[in-house]
1. What's the total number of residues in the range B:133-176 that are open to solvent by less than 50 Å² (accessible area, probe 1.4 Å) and among the charged types (D, E, K, R)?
2. Out of the residues in the range B:30-68 that are within 14 Å of chain A (Cβ to nearest Cβ) and open to solvent by 50 Å² or more (accessible area, probe 1.4 Å), state the one that is farthest from the chain's Cα centre (by Cα).
3. Any chance you could count how many residues in the range A:63-81 are within 14 Å of chain B (Cβ to nearest Cβ) and in a strand (DSSP E or B)?
4. Let me confirm something: among A:60, A:25, A:5, which residue is open to solvent by 40 Å² or more (accessible area, probe 1.4 Å), in contact (Cβ under 8 Å) with a residue 12 or more places away in the chain and within 14 Å of chain B (Cβ to nearest Cβ)?
5. Going residue by residue through the range B:98-120, is there one that turns out to be surrounded by fewer than 18 Cβ atoms within 10 Å (Cβ to Cβ) and farther than 20 Å from residue B:13 by Cα?
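The values are calculated or read from the model by the stated rules, or taken from the named source; none is laboratory data. Bear in mind that the values here come from a model prediction, so they are computed numbers and not experimental data. FYI the Cβ positions are ideal-geometry reconstructions off the backbone, even for glycines, and counts take in every protein chain you see. With ligands, DNA and RNA removed, areas are computed over all heavy atoms of the protein, side chains included. Shrake-Rupley method; radii C 1.70, N 1.55, O 1.52, S 1.80 Å.
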Amino acid sequence: MLLIHCPYCEDTLPELEFTYAGEAHIARPADPSALSDDEWRDFLFIRTNARGPHYERWRHIGCGRFFNALRDTVSDRFLTTYKAGEARRPLTNEAAE
Amino acid sequence: MTNQKHQFDASPVVVEDLAPALRLSLRVKPAHRETLGRALGLDLPTRVGSRAAANGAEALCLGPDEWLIVAPEGTDLASPARAAYADAPHSLVDISDREITLRLSGPAVLDLLAACCPRNIAAMPVGAAARTVFDSATVILWRDGPTDFRMDVWRSFAPHVRSLLTQVRTEIAAGL
C-alpha cells in the first residue's frame, strides 16, 4: 500500500484514506463567456496525461482537505506533497530520483 | 432506557453502545478561532487530531478549520456561539443524530481495529483522535487509553461496521 504524506495533518498515512482528484494547477478562466469553444473544451477535458512526474490533486478523508502532489506515474512514487494554493513545486533532481 | 451489559465470558474485546450525546460540527476561520473558543469556553486545538476538554465538553480538531464538539445532551453551546457570531463568523451544525458511538475496549482491541483500519492505530497517542476509515466507512476514532477506544460511526454504516466487529471478535476469541 502507498503511504502518502498529508501536508495538513503533517503525517504519513495509508493510501486508503486518500482520494485522487485529477490534475492540479488548472485555473478556471476568469471570464468563461469570453473563451472560444476550443479553449473551453481544452479547459474542461484536455489533460497532460504525463508519463513520469505528474502534478495532481488528492483529498484526505481525515482532514477533509484537498492538496497537491507530485507523483511519478511510472513508478507510482510520491515525490512531494504540498498545500493547495501553493506555487507549483519545481521538479528538482533530488525529487526526481 | 436500561443499559444492561451481558458478559458471559472474559472477552478479549468488549463492544458496547454509548448513550446519545450532543455532537456539533464547527467550521470557523483560523483568524476567529480564539474569539469563538473563548465564547464557548473551549480552547479549540490547532493541530489536526488533538483534543481539548472543558466543563464536560470535548473539542477535537478534524481539519485546519473544522472541529467536532461532543458534550452531554442538553448542553447549550448554540446560544454563546450565536452571541459571538458578529465577532467570529462561523458555522455550527447539530449532528447529534448522524452518528452513534461505540466503545471498544479489552486487551485485543488493537488487533480488532487493525483488521479493518489501514492506519497504524497502535502508533496513535493516548488522548488523540482521528477521522479515518474502518473498512470503507468513515469513522472517528478516539483513543482514551492504551486499550480503550471510542468510535463514532454514521448510522447508515453502523450495521456494516457491527457485522465486521462481530466477525473479527469471533475470530479473535477462536484464536485465529
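1. Our first condition is that a residue be open to solvent by less than 50 Å² (accessible area, probe 1.4 Å); within the range B:133-176, this holds for B:133-134, B:137-143, B:145, B:148-153, B:158, B:161, B:164-165, B:168, B:172.
Adding the requirement that they be among the charged types (D, E, K, R) leaves B:143, B:148, B:150, B:152.
Residues in the range B:133-176 being open to solvent by less than 50 Å² (accessible area, probe 1.4 Å) and among the charged types (D, E, K, R): 4 in total.
2. By that ranking, first place goes to B:30.
3. Taking the range A:63-81 as the starting set, the residues that turn out to be within 14 Å of chain B (Cβ to nearest Cβ) are A:63-67.
Now restrict to residues that are in a strand (DSSP E or B): A:65-67.
Qualifying residue count for the region: 3.
4. Values: A:60 fails: open to solvent by 40 Å² or more (accessible area, probe 1.4 Å); A:25 fails: within 14 Å of chain B (Cβ to nearest Cβ).
The match here is A:5.
5. Yes: one or more hits.
Residues checked against (1) part of a strand (DSSP E or B); (2) without any contact (Cβ under 8 Å) to a residue 40 or more places away in the chain:
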| position | (1), (2) |
| --- | --- |
| B:70 | yes, no |
| B:80 | no, no |
| B:107 | no, no |
| B:119 | no, yes |
| B:143 | yes, yes |
| B:153 | yes, no |
| B:165 | no, no |
| B:168 | no, no |
